[in-house]
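Report on the structure given below.
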Amino acid sequence: MNRARLIVMNSALGPLDYRVPQGMNVEPGSVVVAPLGPRQLIGVVWERERLPAGEVGDNRLRNLLHVYDIPPIAAPLRRLVEWTADYYLSPLAAVLRMALPSSGALEGARSVTEYRATGQVPDRLTPQRAQALERIGERQGLVSELAILGGVSDGVIRGLVKGGAIEAVEVRIDDPYPAPDPDHAPPALDETQADAAAELREAVDAREFAPWLLDGVTGSGKTEVYFEAIAEAIRRGRQTLVLLPEIALTEPFLKRFAARFGCEPVAWHSGLRQSQRRRAWRAIASGEARVTVGARSALFLPYRDLGLIVVDEAHEASFKQEDGVQYHARDVAVMRAKLEEIPVILASATPAIETRHMAEIGTYKELKLPARYGGARLPDMAALDLLQDPPERGRWLAPKLVDALEQNLANGEQSLLFLNRRGYAPLTLCRRCGYRFQCPNCTAWMVEHRFTRRLACHHCGHMMPAPETCPECKEEDALVACGPGVERIADEVALLFPDARTAIVTSDTIWSPVKAAEFVARMEAGEIDIVIGTQLVTKGYHFPNLTLVGVVDADLGLAGGDLRAAERTFQQIQQVSGRAGRGDKHGRVLVQTHDPNAAVLRALVSGDAEGFYAAETEARRLAAMPPFGRLAAIIVSSENQAEANEVARMIGRAAPAHENMAVFGPAPAPLAMLRGRHRFRLLVHAHRAVPVQDIIRDWLGGLHWKNSTRVTVDVDPYSFL
Ligand SMILES: [Zn+2]
Ligand SMILES: [Zn+2]
């Protein structure tokens, strides 16, 4: 009798046993199809002894239906799935799903039918059809993908296919990827860089677990250095994974990589078409994809022979996933490296306090690159006190910053204004009755977006047309915008410098790698004088002619006041400053603030990063906050406020007493309503050594609530909203 125990792709189900029919061969990691009632489910065979399940008699077992012809999920990845599920208190199936491709890629089809415009105008050109063709342009994809691009239903696309305006094309997904050449264009490294590169090359050769912190100021050549480690992995025939925090950074990275290695690496992110995803997944699983660059979801893919992981901009909070499995990709990357027994490089100009601490206690090896590449100097930084030197009424840029912009324009150099706020204004209110526009689904103001003439909620995406009259008192023209967003700064710039060519860079304007590439090309061609952007412009980009950075509101990030507010502000301003003066020309950074004496600003202006980090680290140590203590948040939500409150209080009452652990709350979350659900939070704070996950599992496992209430646990939370 041959049995197999499966994790099936349904988070609500535990492990299930099946019979392996004669003639079928499975092993742990095999991806199979199993019957469940009248349905069929995909599952992965697992080691029985690692998955306790109720024993089912042989006679009640059903046969497995099919085993896919793909390599089994390897043991190190199986252990990673277990570790992630255990650490982040998530179902195994939810983690495992991130390792598997769509069923199409499992089937092994060699081609996908995509569609593209033929250039023919359909006989009947309805406004919808015209819109779809206009938006799709020259892109191609599945019917469903084109429907999304065109902002129309699948039916409209099919109608266009029938009318001859869109045609089918077969896309082969087994075409090989070009192989990167480690000796294509090796860089000229200075001595420090060459030493660092040599250490990393040795680490790749040694093929054992080794976490590295590659700590270099912006523009110090971190990428060039870790590229040498990648070159070594390529020479050894092993795969490399490079994780980036934002999909918008992919495009510039692909270009840099191609310049060094002669071709682009394999990209993995949510912007891929289905055919591209399938092709990439298969190349990754077969080992053909030598180097993969991707967003955090690339971390769980089944690399056949992984030899190196690089986490670039490793301090970025966007490595933390905030829904589904709430994992931190930086931390899971280190765990994957450990299980695969390979080196992992965390690269950053502003390493997180957690990472610095690991280097200080010697768990991570540290490589420092203190100088800027090619002799470029770090920019000069100065604070502009908004109380001493205020902007004109109704304006947001202080006179000194305006002068600096003017000077830069005259010199033909580029400038960047940084404000981490999308849209035109964060709040709209009625001058007459004080009415404020709030999202009906969230505890949040509606943000005015003037380009699209709408108010939008940045939490749930709720939109409404910008109204002419106050909905409360019906007064006309009484609505005023409060505070600036990037669009409002762009207006001010247009007023001050009508001839300057500007670009707004936010997730509203740069929503795909293609858009990012367009922006980079325009910057490089000198077609933009002043960029106004959110945190999207703070990292990765390298524009030699950009010599002035203005931080519009340095106080913004400190307002939230959570554990990492000062650290995040420091990192963000340091990163955005790093965009200035990366070429031969010297850079300058002006930081607008109401509180130039705040510790974080003094540290930035005096360049005393070490002093700042030492003080922050000490404060964390005294408060036993991460990395010296542990936090976990329990979030209870329901559409029914009373019900959410009740469950939260029940959880609070059942909190186990444990030495060295305290439970705070429940209290209404700062974001008390989100997407129509009322939210309450509890916060668990414990000493480093307390097994928080086990305690929470036992604690919540003994309690029951209705399905209409959702309880999620966020281990090592980054968001406190
Ligand atoms: Zn009003
Ligand atoms: Zn909302």
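The values are calculated or read from the model by the stated rules, or taken from the named source; none is laboratory data. All figures in this text were calculated on a predicted structure; none of them were measured in a lab. Positions of Cβ are generated from backbone atoms using ideal geometry, with glycine treated the same way; all protein chains shown enter the neighbour counts. Surface accessibility is based on the protein's heavy atoms, side chains included, excluding ligands, DNA and RNA. Shrake-Rupley method; radii C 1.70, N 1.55, O 1.52, S 1.80 Å.
Computed values, structure above
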read-out: Complete set of residues in segment 591-605 that are open to solvent by less than 20 Å² (accessible area, probe 1.4 Å) and farther than 10 Å from A383 by Cβ; value: V600, A603
read-out: Lone unmet requirement of (1) in contact (Cβ under 8 Å) with a residue 12 or more places away in the chain; (2) touching a strand residue (DSSP E or B) at 6+ places or on another chain (Cβ under 9 Å); (3) of a type in the set (D, E, K, R); (4) open to solvent by 20 Å² or more (accessible area, probe 1.4 Å) for E354; value: (2)
read-out: Number of the condition not met by S507 [criteria: (1) within 16 Å of ligand 1 (Cβ to nearest atom); (2) in contact (Cβ under 8 Å) with a residue 40 or more places away in the chain; (3) surrounded by fewer than 16 Cβ atoms within 10 Å (Cβ to Cβ)]; value: (1)
read-out: Candidate set: segment 430-458, residues that are part of a loop (DSSP other than H, G, I, E, B) and of a type in the set (G, A, S); chosen: the one farthest from A481 (Cα to Cα); value: A444
read-out: Cβ-Cβ under 8 Å pairs, at least 6 apart or on other chains, segment 598-610 side on the phi > 0 side of the Ramachandran plot, far side open to solvent by less than 60 Å² (accessible area, probe 1.4 Å) and at pLDDT 90 or above; value: G607/M381
read-out: Residue list for segment 612-629, restricted to those being open to solvent by 20 Å² or more (accessible area, probe 1.4 Å) and on the phi < 0 side of the Ramachandran plot; value: A614, A615, E616, E618, A619, R621, L622, A623, M625, F628
read-out: Candidate set: segment 428-458, residues that are under 20 Å from A672 (Cα atoms) and surrounded by fewer than 17 Cβ atoms within 10 Å (Cβ to Cβ); chosen: the one farthest from ligand 2 (Cβ to nearest atom); value: R436
read-out: Some residue of segment 61-71 being more than 30 Å from Q274 (Cβ to Cβ), in a strand (DSSP E or B) and over 25 Å from the mean Cα position of the chain (by Cα); value: yes
read-out: Among (1) assigned to a loop (DSSP other than H, G, I, E, B); (2) open to solvent by less than 30 Å² (accessible area, probe 1.4 Å), the one test that I573 misses; value: (1)
read-out: Hey, A347 in contact with a helix residue (DSSP H, G or I) (Cβ under 8 Å, 6 or more places away or on another chain), farther than 19 Å from A94 by Cβ, assigned to a loop (DSSP other than H, G, I, E, B) and among the hydrophobic types (A, V, I, L, M, F, W, C) or not; value: no
read-out: Some residue of segment 552-565 being open to solvent by less than 40 Å² (accessible area, probe 1.4 Å), assigned to a helix (DSSP H, G or I) and closer than 30 Å to R620 by Cα; value: yes
read-out: Segment 459-484 - residue that is within 14 Å of ligand 2 (Cβ to nearest atom) and either of a type in the set (D, E) or not in a loop (DSSP other than H, G, I, E, B) (or both) and, of those, least open to solvent (accessible area, probe 1.4 Å); value: M464
read-out: From R588, R579, residue being buried (at least 17 other Cβ atoms within 10 Å of the Cβ) and within 21 Å of the chain's Cα centre (by Cα); value: R579
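Residue by residue, here is whether (1) of a type outside the set (G, A, S); (2) open to solvent by 10 Å² or more (accessible area, probe 1.4 Å) holds:
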site: V33; (1), (2): yes, yes
site: G43; (1), (2): no, no
site: E49; (1), (2): yes, yes
site: P52; (1), (2): yes, yes
site: L64; (1), (2): yes, no
site: V67; (1), (2): yes, yes
site: P71; (1), (2): yes, yes
